[in-house]
Amino acid sequence: MKNAWKYLGLALVGYSLLAGILSDVPRLPIVNETIRNLYYHVPMWFTMIALMGASFGYSIGALRTQSLERDRRAAHLSEVALVFAVAGLLTGMLWAKFTWGAFWTPDPKLNGTAITLLIYLAYFVLRSSVDDPEKRLRLSATYNIFAFVLMVVFIGVLPRLTDSLHPGNGGNPAFGSYDLDNRMRMVFYPAVFGWILLGFWMAQLRTRIENAANPLNLD
Amino acid sequence: MKTQNPLLRAIQLEWALEFRQKSAFAAALLFVAGSAFLASKSYAGVPPSKAWNALLWVVLLFSALHAATRSFAGVPHSRWWLIGQWIQPVHWLWAKALVTSVQLVVLGLSSLGLFALLLGLPVGNVSGFVATVVLGSAGLSGVLTTTAAIAAQADSRASLMAVLSIPLLLPTLATIQRASTLAVAGLPWSELWMPLGSIALLAAVPAVLGTLLFPYLWKP
């Protein structure tokens, strides 16, 4: 059963989609029912970071071994990570409209997201601007490593220096502090785990489609 | 004057090469002067301090991009081989980063001087602001030198340089903005240490990463 992880991912995501709507949640002022967005919004970021981390790993591997296959995998993982970033941004914007009153606010977390999107879009621009595959491997893997470490510094360090409207910052309660009760954990953790598995499956499919389309790519 | 220290030799070489192409640096200075003059024409008087601050940094960012793009793109590919015979790759990167940061500090201080001359100086804490300009301009060079090394090997250099470096510079620029806004508002030095320290941190991380990664970029 080497595909078990895919079924597990599907089952967990399916469960969290349903349970996210049907389960009971704490009643909090302002947030109200939008607290359910925890099940749909936050897993997107966890998945994005997991995929970007894997892409970072493949880029290191590609640089060390000069393997074009690893370089392509790094790119595909980043592509899927970008899909999750957009999904996370959209679900977050929807939530912000109903709790903060606006789709977009100049919030450190939102700025960090915008920067992350720009960095990874730049990575794809770089890839598409180099024709020679070996040179593309060298340049884009270097940029991916450079950008990922800087991004972790940015989103890990900078938001802590300023206040934010976001739950968990600037005196706002995080979901985890008192309102993430055990019932919510029963949905939230499976959702995170399931979406991460689904994300890796998507990246794997992306690589296989590409390999099937260009059989000579295989090295 | 010959020195035996390989790093010093790299810096000496880089400095000599830069000095030979004074026109490019002069172009960056001219860019700053032109923008400052344009701003003084459109404002006719001292602009509000926030607008002044934003203008200064926008002008500085683009002239820095211009100056740094040239740092590797100005080197013909054949010369990468030649330089590789003389000095170690990492020393070349450090020499480039050092020369670039000296250039950027000169650019930053000249922009500040020109802005003060043409637009006035609506700044509360002048010494704090000068320190922010010096540290901020030097802090841009870590990211800019590494992305310039990447962009120089790709095919569309100039546009790629902006695409690659601006996203990575945004956090540094946001921190610089915080420090310079505080200095413009006239807050004392004790309030400036924290953002200035963050600028230094954000400059150090890309410098270390660039050092680790440059040998992989080197192979021509």
- Message: I'm told A:Ser55 meets every condition in (1) closer than 24 Å to A:Asp132 by Cα; (2) more than 17 Å from the chain's Cα centre (by Cα) except one. Can you identify the failing condition by its number?
- Response: (2)
- Task: Could you list, in sequence order, all residues of the range A:1-36 that are modelled with pLDDT of 80 or more and among the basic types (Lys, Arg)?
- Result: A:Lys2, A:Lys6, A:Arg36
- Give the residues of the range B:205-214 that are more than 10 Å from chain A (Cβ to nearest Cβ) and either touching a Pro at 6+ places or on another chain (Cβ under 9 Å) or small (Gly, Ala, Ser) (or both), sorted by residue number. B:Ala207
- Message: Exactly one of these conditions fails for B:Trp86: (1) modelled with pLDDT under 80; (2) surrounded by 15 or more Cβ atoms within 10 Å (Cβ to Cβ); (3) not small (Gly, Ala, Ser). Give me its number.
- Response: (2)
- Of the residues B:Thr211, B:Thr172, B:Thr181, which single one is of a type in the set (Val, Ile, Thr) and either modelled with pLDDT under 85 or buried (at least 23 other Cβ atoms within 10 Å of the Cβ) (or both)? B:Thr172
- Item | Residue in the range B:185-192 that is part of a helix (DSSP H, G or I), within 11 Å of chain A (Cβ to nearest Cβ), in contact (Cβ under 8 Å) with a residue 40 or more places away in the chain and exposed (fewer than 14 other Cβ atoms within 10 Å of the Cβ) present | no
- Of residues in the range B:193-204 being surrounded by 21 or more Cβ atoms within 10 Å (Cβ to Cβ) and within 11 Å of another protein chain (Cβ to nearest Cβ), the one farthest from A:Val130 (Cα to Cα): B:Pro195
- Message: Can you go through A:Ser78, A:Ser23 and tell me which one is closer than 23 Å to A:Gln204 by Cβ and hydroxyl-bearing (Ser, Thr, Tyr)?
- Response: A:Ser78
- Note on the structure: Note on B:His77: of the conditions (1) modelled with pLDDT under 80; (2) within 21 Å of B:Gly128 (Cβ to Cβ), unmet is (2)
- Of the numbered conditions (1) away from chain A (no Cβ under 14 Å); (2) part of a helix (DSSP H, G or I); (3) in contact with a Leu (Cβ under 9 Å, 6 or more places away or on another chain), B:Leu121 fails exactly one; give the number of that condition. (2)
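One line per residue, one yes/no per condition, for (1) over 15 Å from A:Thr113 (Cβ atoms); (2) charged (D, E, K, R); (3) surrounded by 19 or more Cβ atoms within 10 Å (Cβ to Cβ):
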{"residue": "A:Ile35", "(1), (2), (3)": "yes, no, yes"}
{"residue": "A:Met48", "(1), (2), (3)": "no, no, yes"}
{"residue": "A:Ala54", "(1), (2), (3)": "yes, no, yes"}
{"residue": "A:Ser67", "(1), (2), (3)": "yes, no, no"}
{"residue": "A:Phe84", "(1), (2), (3)": "no, no, yes"}
{"residue": "A:Leu94", "(1), (2), (3)": "no, no, no"}
{"residue": "A:Phe98", "(1), (2), (3)": "yes, no, no"}
- Determine if the range B:58-79 includes at least one residue that is surrounded by 21 or more Cβ atoms within 10 Å (Cβ to Cβ), touching a helix residue (DSSP H, G or I) at 6+ places or on another chain (Cβ under 8 Å) and over 24 Å from B:Thr175 (Cβ atoms). yes
- Which numbered condition trips up B:Ala151, out of (1) within 12 Å of chain A (Cβ to nearest Cβ); (2) not in a helix (DSSP H, G or I)? (2)
- Selection within the range A:9-58 - of a type outside the set (A, V, I, L, M, F, W, C) and more than 21 Å from A:Leu90 (Cα to Cα): A:Gly9, A:Tyr15, A:Ser23, A:Asp24, A:Pro26, A:Arg27, A:Pro29, A:Gly53, A:Ser55, A:Gly57, A:Tyr58
- Message: Here's a check for you: in the range A:79-137, which residue that is basic (Lys, Arg) and free of Cβ contacts under 8 Å to residues at least 60 places away in the same chain is farthest from A:Gly53 (Cα to Cα)?
- Response: A:Lys97
- Task: Determine if the range B:138-157 includes at least one residue that is surrounded by fewer than 20 Cβ atoms within 10 Å (Cβ to Cβ), in contact (Cβ under 8 Å) with a residue 12 or more places away in the chain and farther than 14 Å from A:Leu150 by Cα.
- Result: yes
- Task: Scan the range B:149-169 for residues that are of a type outside the set (A, V, I, L, M) and at pLDDT below 85 and jot them down.
- Result: B:Gln153, B:Asp155, B:Ser156, B:Arg157, B:Ser159
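The values are calculated or read from the model by the stated rules, or taken from the named source; none is laboratory data. Keep in mind the model is a prediction, meaning the values are calculated, not measured. Don't worry about glycine lacking a Cβ; one is built from the backbone with ideal geometry, like all the others, and counts go over all protein chains shown.
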